[in-house]
Amino acid sequence: MFLVRSVSRTPVLRAPRRWAHSFPQLNSVTEHDLDYFRKILPPSAIITTLPPNPSPESELEPFNNDWMNKYHGKSTTVLKPRTTKEVSDIVKWCNDRHIGIVPQGGNTGLVGGSVPVKDELIISLANMSKVRSFDDVSGILVADAGCILQSLSDYLAPHNYVFPLDLGAKGSCQIGGNVSTNAGGLRLLRYGSLHGTVLGLEVVLPDGTVLDQLTSLRKDNTGYDLKQLFIGSEGTLGIVTGVSILTAPAPQATNNVMLALPKFENVLPLFKEVKRQLSEILSAFEFIDRRVYDLAIKHGQGRALDAEETEGAECFVLVETSGGNREHDEQKLNSLLESLMEADEPLINTGVLATSPAQFASLWAIREGLTEAVSKEGKPYKYDISVPLQKFQEVVDITREHLRSEGLMREGAVRHVVGYGHVGDGNLHLNVVADAYTPEVEAALEPFVYELVAKYNGSISAEHGIGVMKTHALHYSKNAVSIDWMKKIKQLFDPNGIINPGKVLP
Amino acid sequence: MRPSAVRLLNILVPVKRTVDYAVKIRVNPDQKGIDLNVKHSMNPFDEIAVEEAVRLRERLKDEVKSIKVVTIGPPKSAETLRTALAMGADAGIHVEVPESAPAPEPLGVAKALRAIIEREKEKGGIDLVIMGKQAIDDDAGQTGQILAGLMDWAQATFASKIVVDVAKKEANVTREVDGGLEEVRCRLPLVVTTDLRLNEPRYASLPNIMKAKKKPIEKLTPSDLNVDLTPRLETLKVTEPPKRVGGGKVESVDELIAKLKEAGITPVKA
Ligand SMILES: Cc1cc2nc3c(=O)[nH]c(=O)nc-3n(C[C@H](O)[C@H](O)[C@H](O)COP(=O)(O)OP(=O)(O)OC[C@H]3O[C@@H](n4cnc5c(N)ncnc54)[C@H](O)[C@@H]3O)c2cc1C
């Protein structure tokens, strides 16, 4: 007879614990399924390579491949529903039929979460792009999940409101995608995270039920706050179809400066000084190391500073102010700049001040263009991590040294190791630019980077999420009890494992 | 015969404070003007003019003796002068008009500039005026030409490249014309107006902003210059451009054809 106890006696010292990747047993989309989809959707909302009227493969490419062209799905079918009801009908059908689904927004995610692992059905929210309501007294905006961030910004501008979120991908990413990735971005320092600004959500659950929590209340303490679960869950618990969010009064005056620093050690003292002097009008404090600045300029992102201003600079800081009174703000900023320039031991070499909105935009273009510049330079390995502020440069340098010692800092392998990020939020973007994505480089970087981050008690994903890229590394930032409960929650919402399979959870 | 001693170049750059080009213009309810309570900055063409003057100095070094900027406008125009000084101009002149006064017209401005140039004669004179080809608020595009006429000077408008030979007292200016580029040679003194492609203006650097605070700005009134800036034109009505009607999506080619027919578009008979 088989002795259970003898089995349990085998040593279980497998550290660090690796979670076996469990991809659920799922079915592919068939012609039979398409017959059903055709009943509920117009022809223009269905793109499929299945017979009888197959579209060319190329039409599916933008949906199957991610923004970095690093992750490649093999989906045969994309559906673009226009209403919550349509989403619900599709999801219910797929749940009954055990068909995997990938919810897709603007497909700008950076961890491979928005493309299929295999041939899951893609549900694109692109056709759900209407503003449902806006209240210009409270500033509460209710919109379809497929609204593009930029168009919501444009919508709010004439009402003198701004969206509490802004990021480099604003021209393509959707509010549903932002909520699902809990995107941080460039305004977090000022307006806080989406966990605070999102007031309500409408979500289609994996069995097709519509969870309507689209309230517009700032205060609502009535038990479990379920919507929080969907913020940052990367589409693994349901499909967000509507978002209610608190927008902020538009600042009446904005200014920015780019400061050139002789050494990284000055960033933190500078941050303290800038916070002290600018206080409530400080709205961004972004760190850019010299190498990535040079890449941005090389790839034409924004107008470069003059040579005089960049000479001897080890890094740059972009400071933005937003306030209600131009004269007051400018006075504050000017006295800050004066004190910085005239200090006995200056923290900065020099800097430039934008004197027109065109220059204001141009300075931001340098910062916002970093992601794009890095992608133009080569194949980026992107690690978006939280580490203590004083360790920013150390992490970049140690990683570069590690790659050098592995003999990978060379042509044909890694070209650059660069860092930039939201100092105000403790968030560093460590980017390793290689000539190609190769197992060799990947093996040198992982788990090296994750272990480094764990050593500083940091987070392996400050903003971009886990997606498929980091499932195996989740344990560096979440302990076994946490992962266990995350799995239980997933099981509860999605017992068949149809929604975004293979993502987030190991 | 020995060549005459080389005269050094004195440059004058007129600048104007305008509603920033990125601001969405709103017409006032009385339809006589626009909402001016918005972000202002230096007229972009003037910014290019200042940049060009500073670049001329970078190229010609000591041959450029002075770069003066002048503005004719309300008290807040002083900010625009400071910006120009921070970009590298040496000194400013502010011909101040009251906040409530109507905006001066090109002829008035050109006469004020002529008076400024006359005043500068005793300080070495002006050899080169570089100015925007137009201001983006009134789009008049006349001041440079009128000034050259009043002074009886050469003019090179819509410049995309300027090469000055100080010793020979001439300048070669490349102009953007309809068919392409035209290069003209002019004798100094000269009025040049700038086109967009002449250069890309620099950011104001912090050390230069600090220095600019200490640079002199001379304040004058129109009566100091003996000029009358009263407008000769009356604005009857200001209206917004017609609203763009958004496009629509169609589901099929048939629907597209039907929509085109609806809109009165018919196929061309072969
Ligand atoms: C140039 C650039 C700059 C960036 N800058 C930042 C930055 O500063 N800060 C930051 O946090 N991120 C940044 N990102 C990454 C960021 O995660 C995404 O840009 C954005 O938040 C994702 O939105 P999206 O609509 O493109 O979502 P997608 O990429 O389509 O999807 C992302 C994830 O959300 C899921 N998802 C999408 N829509 C829904 C929905 N309606 N319901 C349920 N799940 C959904 C997807 O399945 C996927 O897992 C940047 C990306 C780029 C390309």
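We did not get these values from a lab; they are worked out from the coordinates using the rules stated. Keep in mind the model is a prediction, meaning the values are calculated, not measured. All Cβ positions, even for glycine, are placed from backbone atoms using ideal geometry, and neighbour counts span all protein chains on display.
Numerical summary
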| read-out | value |
| --- | --- |
| Cβ-based exposure ranking for A:Thr222, A:Thr83, in which fewest neighbours within 10 Å come first | A:Thr222, A:Thr83 |
| Computed E for A:Glu342/B:Ile217 - FRET, C-beta separation, R0 25 angstrom, nearest 0.05 | 0.70 |
| Sparse-neighbourhood loop sites, GluC sites (Glu not before Pro) in the range A:398-502 - DSSP loop, at most 11 other Cβ within 10 angstrom | A:Glu411 |
| Along principal axes, Cα extents of the range A:253-373, largest first, whole Å | 36, 31, 22 |
| Nearest-0.05 FRET efficiency for A:Asp484 and A:Asp35, computed from C-beta distance (R0 56 Å) | 0.85 |
| Chain B: angle of helix B:106-120 to the longest principal axis, Cα-based, in degrees nearest 10 | 20 degrees |
| 30 Å Cα-Cα threshold exceeded, pairs from B:Lys68/B:Lys237; B:Lys76/B:Lys123; A:Lys272/B:Lys61; A:Lys92/A:Lys227; B:Lys133/B:Lys215 | B:Lys68/B:Lys237; A:Lys272/B:Lys61 |
| Scaled radius of gyration (Cα, divided by 2.2 N^0.38 Å) that the range A:17-127 gives | 1.05 |
| Residues A:Thr197, B:Thr221, A:Thr215, sorted so that the one with the fewest Cβ neighbours within 10 Å comes first | B:Thr221, A:Thr215, A:Thr197 |
| Kyte-Doolittle mean at least -0.5 and Cα axial length at least 18 Å: DSSP H helices in chain A | A:480-493 |
| Debye log10 I(q)/I(0) at q = 0.07, 0.09, 0.10, 0.11 Å⁻¹ for chain A, Cα point scatterers | -0.41, -0.68, -0.83, -0.99 |
| Inter-label distance, nm, simple model (7 Å from Cα along the C-beta direction), A:Lys376/A:Lys130 | 3.9 nm |
| Mean separation of Cα contacts under 8 Å (6+ apart) over length of chain A, as relative contact order % | 16 percent |
| Rg/Rh (Cα only; Kirkwood hydrodynamic radius) as it applies to the range B:9-240 | 0.95 |
| Under 5 Å, built H, 5+ apart or other chain: amide partners of A:Ile140 | A:Asp135, A:Thr247 |
| Sequence-separation-based contact order of the range B:10-53, relative, with Cα cut under 8 Å and 6+ spacing, percent | 50 percent |
| Dipole moment magnitude, nearest 20 debye, the range A:115-222 about Cα centre, only Lys, Arg, Asp, Glu C-beta charged | 360 debye |
| Full-stretch length increase - B:Lys123, B:Lys261 - with 0.36 nm per residue and alpha-carbon distance subtracted | 42.6 nm |
| Three-way shape call for the range B:118-211 based on the alpha-carbon gyration tensor, with the a/c threshold at 1.5 | rounded |
| Spatial separation of Cα centroids for the range A:23-38 and the range B:81-126, in angstrom | 74 Å |
| Relative contact order of the range A:131-249, defined on C-alpha pairs under 8 angstrom at six or more residues apart (%) | 34 percent |
| Mean-position separation - Cα centroids, the range B:201-270 and the range A:412-450, in angstrom | 44 Å |
| Calculated log₁₀ intensity ratio I(q)/I(0) where the Debye formula runs over C-alpha points of the range A:85-197, q = 0.14, 0.17, 0.21, 0.23 Å⁻¹ | -0.62, -0.86, -1.17, -1.32 |
| Sparse-neighbour loop sites [chymotrypsin sites (Phe, Trp or Tyr not before Pro); the range A:260-310; at most 10 other C-beta within 10 Å; DSSP] | none |
| Part-to-part distance (alpha-carbon centres) for the range A:45-124 and the range A:311-361, which is given in Å | 46 Å |
| Cα-centre dipole for the range A:17-127 with unit charges at Cβ (Lys and Arg positive, Asp and Glu negative), debye to 20 | 400 debye |
| Net length gained if the chain between A:Asp294 and A:Asp212 were fully extended (0.36 nm per residue, minus Cα distance) | 24.7 nm |
| Cut-off under 5 Å, modelled amide H: who pairs with A:Asn427 long-range | A:His422 |
| Square roots of 5 times each gyration tensor eigenvalue, C-alpha, the range A:378-464, largest first, Å | 21, 12, 11 |
| B:Asn172 versus A:Asn69: modelled label distance in nm, points set 7 Å from Cα along the beta carbon direction | 4.4 nm |
